[in-house]
């Protein structure tokens, strides 16, 4: 396990607020895919990476095991699935 438990730099509340997302409504959907799409757009995740075409980029994500077209678009981003997720680190309350 971790020598020291990682601490997120930004809380999901602050990311949702920055993206003008109603976090309670989003969490009520109980859909991890929807959470990932909404929060990655709010945090700019792969959205920001799509702007620099011609410079190869890699994103490691638990969402990389499915259809990643929404995240990468027609850019040069490679998504690699994360083998394990840290329990309760990326999941909502």
*asked:* I need every pair where a residue in the range 25-40 that is over 20 Å from residue 73 (Cβ atoms) has its Cβ under 7 Å from the Cβ of a residue that is surrounded by fewer than 16 Cβ atoms within 10 Å (Cβ to Cβ), sequence separation at least 6 or different chains.
replied: 26/34; 27/92
*Among 25, 16, 3, which is modelled with pLDDT under 75 and either part of a strand (DSSP E or B) or out of contact with any strand residue (DSSP E or B) (no Cβ under 7 Å at 6 or more places or on another chain) (or both)?*
3
*Which number in (1) modelled with pLDDT of 75 or more; (2) surrounded by 12 or more Cβ atoms within 10 Å (Cβ to Cβ) marks the one condition that residue 63 misses?*
(1)
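The values are calculated or read from the model by the stated rules, or taken from the named source; none is laboratory data. All values derive from a computational prediction rather than experimental measurement. Because the Cβ atoms are built from the backbone with ideal geometry, glycine has one as well, and the counts that use them run over all protein chains shown.
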